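Step one of this worksheet: look at the structure below.
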Amino acid sequence: MFDERELQGIWYGRRQPGVVLRVLAGLFGVAGAMRRGFYAAGLLARVRLPVPVIVVGNITVGGTGKTPLVIALVQALRARGRKPGVIGRGYGGSVQGVARVDAQSDPLVVGDEARLIFDATGVPVAVGRDRVAAGRALLASETVDLLIADDGLQHHRLQRDIEICVIDGERRFGNGRLLPAGPLREPVSRLDRVDFRVCNGGEAQPGEIPMTLAGEQAVALDDGARSQPLRAFAGQRVHAVAGIGNPQRFFAQLRVAGIDVIEHPFGDHHAYVAKDLDFGDGLPILMTEKDAVKCRAFARPSLWYVLARGVLPETWLDSVFDRLSGAGRKRRPD
């Protein structure tokens, strides 16, 4: 009904949303408020799992950096002695019910982000529309003492111990309107009720935890043992492929490294086929790690992906660990 590029121009540009978009946004806001109210009043039941739950999410659509943050949290908490598992919706996949993610999982079934998290960390991962069922499945078969829910801020049924909202530090909240008139899933006031706000890129505002993405290494898609510094492509003309929520962030990263970029943006969670990467020349092709998990079936020597890892203050990671290790688990106010 609405063209994605046109909506992006409204959400993050100077164009004003029309009457239809504003009316739909009003209805969306009422529906969301009613649902939150039902949970708050106990008319819809929340479920508490037997281990602590950290929810990582955002209040805007599109990529904000949730997956790099989840990976960073997994690695930091594991280094501090915890045994985390990850649950998610499996966006971009076709899974029915609950599915475990492993090295043979098809990202077109379990979702590209879930497969990326498994590949990057090796921790138990399960996906499903019902995060509670995914969490129970993981706990039934794995030694897990902590669950991290990827993109579960609006999944109110799952009771959580810590809420973390990731904010795109460059685009922030766009025009500040609810979907579809703006990019917001929930009003900005929702931030007042989360435990931590992590700002990915840009300039962190007061009360926000700064996160940067370290992407200094390129890995050959056809041979994971072959890699080189991203700066090795400086001065070269390359094709840049990005099927993420904000492709311009990736293209800008390459340009900062001195690379001459030919942009090829795709929709978030795009299901790649070989011809998508056939540009009729022998130039190198750089893509995000999220894209790479869906392109390995047609890997060739000219394809590379750029590792992206979230870098966060160690003092903040310590505070997350300390909160999980505190005496007793209290129900979060919602």
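The values are calculated or read from the model by the stated rules, or taken from the named source; none is laboratory data. A quick note: this is a predicted structure, and the numbers were derived from the prediction, not measured. Positions of Cβ are generated from backbone atoms using ideal geometry, with glycine treated the same way; all protein chains shown enter the neighbour counts.
Some notes on this structure:
- Taken over the range 201-222, residues that are modelled with pLDDT under 95 and part of a strand (DSSP E or B) amount to 4.
- Only one of the numbered conditions (1) assigned to a loop (DSSP other than H, G, I, E, B); (2) more than 27 Å from G88 (Cβ to Cβ) is violated by V30, and that is (1).
This table checks each residue for (1) at pLDDT 95 or above; (2) on the phi > 0 side of the Ramachandran plot.
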{"residue": "G62", "(1), (2)": "no, yes"}
{"residue": "K66", "(1), (2)": "no, no"}
{"residue": "I71", "(1), (2)": "yes, no"}
{"residue": "R89", "(1), (2)": "no, no"}
{"residue": "A103", "(1), (2)": "no, no"}
{"residue": "P107", "(1), (2)": "no, no"}
{"residue": "G111", "(1), (2)": "no, yes"}
{"residue": "V123", "(1), (2)": "yes, no"}
{"residue": "D130", "(1), (2)": "no, no"}
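- Members of the range 261-271 found to be out of contact with any Leu (no Cβ under 9 Å at 6 or more places or on another chain) and either more than 13 Å from G63 (Cβ to Cβ) or touching a residue at least 24 places away in the same chain (Cβ under 8 Å) (or both), listed by number: E263, F266, G267, D268, H269, H270
- Residues located in the range 175-186, provided they are in contact (Cβ under 8 Å) with a residue 24 or more places away in the chain and either surrounded by fewer than 19 Cβ atoms within 10 Å (Cβ to Cβ) or not assigned by TED's automatic domain parsing to the domain that holds T64 (or both): N175, R185
- Those residues of the range 223-256 which are at pLDDT below 95 and assigned to a loop (DSSP other than H, G, I, E, B), in sequence order: G243, I244, G245, N246
- Of all residues in the range 118-148 being under 11 Å from G90 (Cα atoms) and in contact with a strand residue (DSSP E or B) (Cβ under 7 Å, 6 or more places away or on another chain), the one that is surrounded by the fewest Cβ atoms within 10 Å (Cβ to Cβ): G128
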